[in-house]
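Working notes, beginning with the structure itself.
The values are calculated or read from the model by the stated rules, or taken from the named source; none is laboratory data. All values derive from a computational prediction rather than experimental measurement. Heads up, the Cβs are rebuilt from the backbone with ideal geometry, glycines too, and the neighbour counts pull from every protein chain shown.
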Amino acid sequence: MSILSSSRFAIVVAMAAILSVAMHAQSVQRTEPKLGKLVGTVADVNGDPVPDATVILKTPKSDDRRTLVTPENGFFEFNNVEPGISYQINITAKNFADWVSPAITLEAGQFKIVTGIQLRIPTEQTTVDVHYDPVEVATEQFKSEEKQRVFGVIPNFYVAYDSDAVPLTTKRKFELALKVSVDPVTVAGIFFVAGAKQAGNSPKYGQGWGPYGERVGAVSADGFSDIVIGGAMLPSLLHQDPRYFYRGTGTTGSRIRHAVLSSFVARGDNGKWQPNYSSLGGDLASSALSNLYYPQSNRGAGLVLGNFAIGTAERIGASVAQEFLFGKFTRRGGHMQ
């Protein structure tokens with residue numbers, strides 16, 4: 001082969017090699033699709049950008065994921081996203097609920113803007129555990145009743161203004177009776193009643209400071225025995241509530257009936273209404289005990305029955321007054337109703 005032929009042969013081989021490489025490159029370019037791009041802006045429901053939000057691009061079928069954090073303008077951008085693959089964008093941000101996009105699949109070379117990204121304030125589910133403690137409720141009600149005073153002065157402890165009042169324990173019944181007995185207003189009332197009886201010479205102790213002192217003792221004994229027996233001892237033994245249950249609603253006639261019958265019908269500790277053996281028994285026992293310290297001229301069955309009738313009548317009058325008068329002027333927990 002001549003030198004010229006050899007040169008031509010070399011040129012042909014080189015051109016063939018170059019052509020082969022170019023065709024291979026073109027073939028590779030055809031088989032490798034162009035990558036896409038995903039962009040978007042993280043914003044809240046008001047349209048304001050959310051900075052420092054974590055944006056994750058992932059595919060459900062693999063662990064491959066790409067993560068970035070948004071700047072002040074909330075913008076994010078994922079380059080070189082492979083086409084034909086299902087992606088999903090997850091966004092988390094402080095003080096916002098997570099946001100998850102629907103499936104996203106790009107075509108070759110597609111530039112896609114992800115829209116509808118609005119982060120919302122998370123809805124918190126608060127569970128409130130309501131625990132009903134009868135002892136605690138009874139204590140609170142008892143404390144409130146201890147503050148009940150007509151015009152803020154006269155004790156009005158034996159009235160339940162809550163129709164669902166928790167029954168008093170035996171301890172509370174005796175505490176209430178003792179509190180009423182030693183209240184300064186009660187003590188002042190004893191001296192006043194004794195003075196009125198002194199004026200009417202009843203009982204027949206006579207006149208002067210000595211008989212007045214005896215009347216003070218008799219009035220004290222009458223009141224104390226009635227309160228302790230009818231308001232604590234018998235209610236504890238018979239499981240009855242010694243309080244008057246204020247109604248406050250309904251017709252005038254129904255409220256009067258309720259007030260009058262309260263002297264004869266009591267609420268049991270079981271919540272049921274039953275004969276008021278406690279109050280009636282307390283009046284009767286107190287009247288009977290007065291035979292021990294009243295003058296001989298005032299003793300006997302007449303004294304017992306008379307005092308019992310007076311005590312019952314006073315109780316009925318007090319209940320009617322509670323229903324229509326005292327309730328309006330009673331301070332409950334420091335406030336006038």
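State whether one or more residues within region 251-258 are in contact with a Ser or Thr (Cβ under 9 Å, 6 or more places away or on another chain), more than 29 Å from GLY200 (Cβ to Cβ) and either surrounded by fewer than 14 Cβ atoms within 10 Å (Cβ to Cβ) or not hydrophobic (A, V, I, L, M, F, W, C) (or both). If you could, list the steps in order and put the result at the bottom.
Initial filter on region 251-258 (in contact with a Ser or Thr (Cβ under 9 Å, 6 or more places away or on another chain)): 255, 258.
Okay, now just the ones that are also more than 29 Å from GLY200 (Cβ to Cβ), so 255, 258.
With the extra rule that they be either surrounded by fewer than 14 Cβ atoms within 10 Å (Cβ to Cβ) or not hydrophobic (A, V, I, L, M, F, W, C) (or both), the set shrinks to 255, 258.
Yes, because at least one residue in region 251-258 is in contact with a Ser or Thr (Cβ under 9 Å, 6 or more places away or on another chain), more than 29 Å from GLY200 (Cβ to Cβ) and either surrounded by fewer than 14 Cβ atoms within 10 Å (Cβ to Cβ) or not hydrophobic (A, V, I, L, M, F, W, C) (or both).
Among PHE245, PHE224, which is the only one that is of a type in the set (Phe, Trp, Tyr), touching a Ser or Thr at 6+ places or on another chain (Cβ under 7 Å) and within 27 Å of SER202 (Cβ to Cβ)? Before the answer, list the steps.
Working: PHE245 fails: within 27 Å of SER202 (Cβ to Cβ).
Checking each option against the conditions leaves just PHE224.
If I ask for residues that are of a type outside the set (Phe, Trp, Tyr), free of Cβ contacts under 8 Å to residues at least 60 places away in the same chain and out of contact with any Phe, Trp or Tyr (no Cβ under 6 Å at 6 or more places or on another chain), which ones from region 224-238 would you list?
Within region 224-238, ILE227, VAL228, ILE229, GLY230, MET233, LEU234, LEU237 qualify.
Being closer than 16 Å to ASP52 by Cβ, touching a residue at least 12 places away in the same chain (Cβ under 8 Å) and out of contact with any Leu (no Cβ under 8 Å at 6 or more places or on another chain) is the filter here; which residues of region 68-116 pass it?
LEU68, VAL69, THR70, PRO71, GLU72, ASN73, GLY74, PHE75, ASN90, THR92, LYS94, ASN95 - these are the residues of region 68-116 that are closer than 16 Å to ASP52 by Cβ, touching a residue at least 12 places away in the same chain (Cβ under 8 Å) and out of contact with any Leu (no Cβ under 8 Å at 6 or more places or on another chain).
Among the residues of region 75-103 satisfying the criterion of being more than 12 Å from LYS37 (Cβ to Cβ) and among the aliphatic types (A, V, I, L, M), which is surrounded by the most Cβ atoms within 10 Å (Cβ to Cβ)?
Once the filter is applied, the top-ranked residue is ILE91.
Which residues, taken from region 60-111, are modelled with pLDDT of 90 or more, of a type in the set (D, E, K, R) and part of a strand (DSSP E or B)?
If the condition is that a residue be modelled with pLDDT of 90 or more, of a type in the set (D, E, K, R) and part of a strand (DSSP E or B), then ARG66, GLU77 are the ones that fit.
Under the condition of being surrounded by fewer than 10 Cβ atoms within 10 Å (Cβ to Cβ) and either closer than 30 Å to PRO184 by Cα or over 22 Å from the mean Cα position of the chain (by Cα) (or both), which residue from region 112-154 is modelled with the lowest pLDDT?
Within region 112-154, the match that is modelled with the lowest pLDDT is VAL135.
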